[in-house]
Structures are given as structure tokens and as C-alpha cells.
1. Checking residue A:171 against (1) more than 14 Å from chain B (Cβ to nearest Cβ); (2) crowded, with 16+ Cβ neighbours inside 10 Å; (3) at negative phi, which single condition isn't satisfied?
2. Sort through A:62, A:47 and tell me the only one that's more than 26 Å from residue A:214 (Cα to Cα), hydrophobic (A, V, I, L, M, F, W, C) and in contact (Cβ under 8 Å) with a residue 12 or more places away in the chain.
3. Going through segment A:69-87 one residue at a time, which ones are of a type outside the set (Asp, Glu) and surrounded by fewer than 21 Cβ atoms within 10 Å (Cβ to Cβ)?
4. Restricting to segment B:15-25, what's the tally of residues that are at the interface with another protein chain (Cβ under 7 Å from one of its Cβ atoms) and either touching a helix residue (DSSP H, G or I) at 6+ places or on another chain (Cβ under 8 Å) or touching a residue at least 24 places away in the same chain (Cβ under 8 Å) (or both)?
5. In segment B:136-153, which residue that is in contact with a Phe, Trp or Tyr (Cβ under 9 Å, 6 or more places away or on another chain), hydrophobic (A, V, I, L, M, F, W, C) and farther than 16 Å from residue B:199 by Cα is farthest from the other protein chains (Cβ to nearest Cβ)?
6. Could you list, in sequence order, the residues of segment B:72-84 that are within 26 Å of the chain's Cα centre (by Cα) and not in a strand (DSSP E or B)?
7. Give the number of residues within segment B:184-235 that are among the basic types (Lys, Arg) and free of Cβ contacts under 8 Å to residues at least 60 places away in the same chain.
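The values are calculated or read from the model by the stated rules, or taken from the named source; none is laboratory data. Being a predicted model, the structure only gives us computed values, none of them experimental. Every residue, glycine among them, receives a Cβ derived from its backbone with ideal geometry; neighbour counts consider all protein chains shown.
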Amino acid sequence: MLTSVQDLGRPGHRQLGINPGGALNGLALSAANLLVGNAIDAAGLEITMGACEMRFTVDTRIALGGDDFDARLDGKSITPYWSVPVRAGQILKLAHAGPNATQGMRSYLAIAGGIAVAEVLGSRSTDLKANFGGHEGRALRKGDSLPQGPATTTIAGPAFGVRSPAWSGVGTQTQDGSKLIHLRVLPGPEFEQFTVAAKNALWLDKWRITPNSNRMGYRLEGPELKRKQGRDLLSHGVVPGVIQVPPSGQPIILMGDAQTTGGYPKIGVVIQADMWKLAQAPLNAQLQLQPCDLEQALHAWEEQQAYLEGIRQTLAALDWSRATQYKK
Amino acid sequence: MYDPRGLTGSAPRTIWMTMIQPQIHFLGDSALLCNLPSPATLPHQRRIWSIAEQAAGWPEVSEVVPGMNNLTLILSRPVVDMDAVSQRILALWPQVDASHVAGREIDIPVAYGGKDGPDLDIVARHTGLSTKEVIQRHSDADYVVYFIGFMPGFAYMGGLDPALATPRQDEPRLSIPAGSVGIGGEQTGIYPLASPGGWQLIGRTALPLFDPNRTPPTLLRPGDRVRFTVERIAK
């Protein structure tokens, strides 16, 4: 439905109003990149809700991260976090998400050598709002072809995989078939300005991700969150993860393409280590927000970094041409 | 949003100025927001630019975002010891020398009225001024870029003549051409990119406000002083 070239983003220009953007699930893209011998920040594809088909014009190696949407290479199933050799002419196809899709949201495709579109302001990510970077500054369309960088590893060896990250499965199925996803949240600067009822609702109620959600922000639906005092805030810098509450009382979680500044009160901020869950959360999923502290936030982040480091070390010792045979 | 009168006049030279301390909030596990007490003043903002410039060089800081009377520091990774970063800012605050942030002087030629500024008449009617007077007051004033936000290169500027304040349109336009100069409430600004928007459009500049392939990519930066010059007035 929406596929764009993304790397780990374009930090360093926020004070000029340019948001960092990049893969919403940077962990999935990083892991997939490592699996094809790339640096973690090489550019890949962020594929939203499946429905994507591509043909490879050269022999190469690919890995998927995030959701698989029944990905098939010439009809043969591809598992996320496996490194798979591809021959020229082969076709990779991700299925359409059904109207009530609960299987996920985003897939990340890494290709050996990375997608070699030109760097703009230090990144190959597509800025879909300001229309620059990536492929012609826009989402991909049928018929586009993309340049590939030089691979740094043997691409012809057998397929192999790594243990799926502990953080790869998002949420649990509820009785009505929707997903329930737990997010750890630190209280925001204006947390105490909200009513007791609002503070309780934040932690105790479930919040639905409405379909009016995108790479800029996720609009949630639940009980109205009211502030005790209605003083307006001056515009200030914001970051992805900020849960801002506009006058409607319905919170919005800012995502990677959010504006660099905002002015709504911030009741909480999702910890960095849980942002990947939002990238993978299907529309209409239910969120359960859990209070946490800085120490837990840091611990969760370090665990994820250790997972990536584990892959990096395993691959450093790997003879790519003799890797474990891929059996499925 | 803020009182623009606080932006233009010089700050009262009272002793409390030096005693004001920023209030620091954690913005999640990897950002800090430093707020100054109201009202927003140019001397405060100068200190914010100056602290932003210094903090950008700290190893744990990956980005600095000056806002209106505040500063957000974005850290390169989550840290437990945010208090250490907070202390550093609080220690720096009274010492910082804000006078060296001079900014650049930038003239922006504007074609006023006509199809470049379709709302010039609305502003004239609302303010009770002639269109000529609106243009004169808009182009006579000196503006200061307080910060950039909303979209790449969009400058929040202080300095609009209060007599020109005009409410936004009831229904935002779906697309405003890049370079459009508008008035929204008590602010004036330029749209760097085509975008939806509700400001009253009084003119348009041909200067590119944002070009990702140039260094720096935006025409305006925090601290710049801006003047609008009359390139032409549509008959």
C-alpha cells in the first residue's frame, strides 16, 4: 500500500524544521541489514501492509524484518530474519493485507549492498512530506526500478537465519480478534496537569489505534483526557514517542515523520525501546500503556542493542559461502 | 500561543532577568525540554540560541531544537543519568554570553497582492488599513527568526506590526504555493513548501526557502534578522 526507501533516518537538521524520518522500526531494518552483510544503517524498503511485488535483475541476497505478509520468493516462503540468496529474475511477492488485517503492519527488506539512491542531507530516507530523498522523494510506484550498492559479502552462499529477536512478536490476540499491545511509557512534562480521571484512564483503559494514523502520528481513541488547567503551551521541540493531547482529549503518539515542533500538552512519552511495536501495530489494535522508569527504559534499549551486537558477532565469524543450509 | 509584544520591545532591564532559571523536563528517555518562564523575550531567546549552540557540541547530545522560549535537547541514546545533563544546562544558563548571536540580515523580496497575495484585501478590510498601508507596514518592520519548526525552513518570526494581526481563514486552503507570505493571527511567515494552510496570503517570494540539495538547506536560521522588500505590487 505504501512502500518507500528508508534507512535509519536523517538526524541533525531538526533545528531547521527537518525531521529525522527513517524506518519506523529501525531495529527490524538494522537486523535485516546485518543479515545481508550491510552496515545497520544501509537503505532498505519499508513496506506497509504488504501488497508489494518486485523482480530482482541481478543475483543478490535479501533479508526481511518485521512482518512477512506471507512473503514468497518464486512461490517459496521466506521467513523474517533469514538471509536468502536470490537469483536474477526471481520475484518476491508480499500478499495483500485483508481489510481486517491483524497480521501486522510493516515489513523491512534489506538487500546486499543496500539501495543506492543518492544521499540527501546525510540520509537515503524518503521524506514523504517534504518530498525529497529516497527514490524521487516519493513512495514507490509500479514500474520503478532501484539502484543497488556493491555487496560486501558472498551473496551466493546458502540461506541461513538467526534466532528471531525477543522483541519480534507484537502483542497478544484479544477475544474480539484485535491485538493488545503493551507499551511502556514515561510520564510527560504535563502529566500532572491532567485530572485524576485522565491519569487513571491513561494507564487503565485500552486505547485503539484509529485508521487515521500514519508515519506522522498515531491517533488513539479512548476516554477523553482532560486537563485541570488549560494554559496554552509555547511551541517546543518534540520527539517520536511523545503522546500529545489536543483539545479533543484524544491522544496522538508522534511517529518518525512528525513535525519537529509542537504545542500540545504531553501526557507521556513512549520509551525508545518500544517504538518498534508501534511500527508493527496493525490499525485498530488496542494499546495498553504501562508506566515505567528511566532505568527500565535504558535496560530495554540495551537488550535490543545486545541482540544486534549478537548478530554482528555471529556474522563476523561466519563463512558466508558455507553457512547453515536453509531448511524450511 | 504567545504574546508577540514580548518579542519586539527590548526587555526590561531589571535584576530578575539574571535570576530566571530554566525549568527542565524529561521528554521520554532520550530528550530534555528546558522551558523558560513567560513571557518570551528576545534576550531570553538569544540565550536559548547560545545554549543550543554550545550543547550541540556535548557528546551525549545529538540534536538541539530551539523553540519559543524553550530548548529541546535530543540525546544520542537513552540515559539514566538525565540529571547530569540537566545540571549542565542549569550551570551554563547564568554564564552564557548571548550577545554574540548576531544572526544574518536577510532581505526577502515579495510580490504583494494579486494572485501572489489573494488575501491582501481581507487583511486590509480586517485591519481597517488600505492595501498600500498593509504592504508598507509589513515591509517596514524588522523581524527576528525565533525558531524553525512545523516544516523544513518554516520560520517563526517576531516583529509583526500588531495593527496587521488578522485571524486565520475559517477553512484552511488545501494547497498553498511555496514561497507564499502570510499573516496568521499575530504572526507572519513564509511557506517553504506547497502545503495546506490557513494563513491570510498577502504576497509571495521567489526565493527558495528550502532546498535539500543546498548547504545549508534552509534560507533562514534561528537568530536571523529578516526584512521584506517590495518587489512589486499587483494592480
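1. Checking residue A:171 against (1) more than 14 Å from chain B (Cβ to nearest Cβ); (2) crowded, with 16+ Cβ neighbours inside 10 Å; (3) at negative phi, the one that fails is (3).
2. A:62 is the lone residue from the list that is more than 26 Å from residue A:214 (Cα to Cα), hydrophobic (A, V, I, L, M, F, W, C) and in contact (Cβ under 8 Å) with a residue 12 or more places away in the chain.
3. Correct list: A:72, A:73, A:75, A:76, A:77, A:79, A:82, A:87.
4. Going through segment B:15-25 one residue at a time, the tally reaches 0.
5. Looking at the filtered set, the residue picked out is B:141.
6. Passing the criteria: only B:76.
7. Going through segment B:184-235 one residue at a time, the tally reaches 1.
Yes/no per residue for (1) modelled with pLDDT of 95 or more; (2) surrounded by fewer than 20 Cβ atoms within 10 Å (Cβ to Cβ):
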residue: B:190; (1), (2): yes, no
residue: B:194; (1), (2): no, yes
residue: B:200; (1), (2): yes, no
residue: B:204; (1), (2): yes, no
residue: B:208; (1), (2): yes, yes
residue: B:216; (1), (2): no, yes
residue: B:219; (1), (2): yes, no
residue: B:222; (1), (2): no, no
residue: B:230; (1), (2): yes, yes
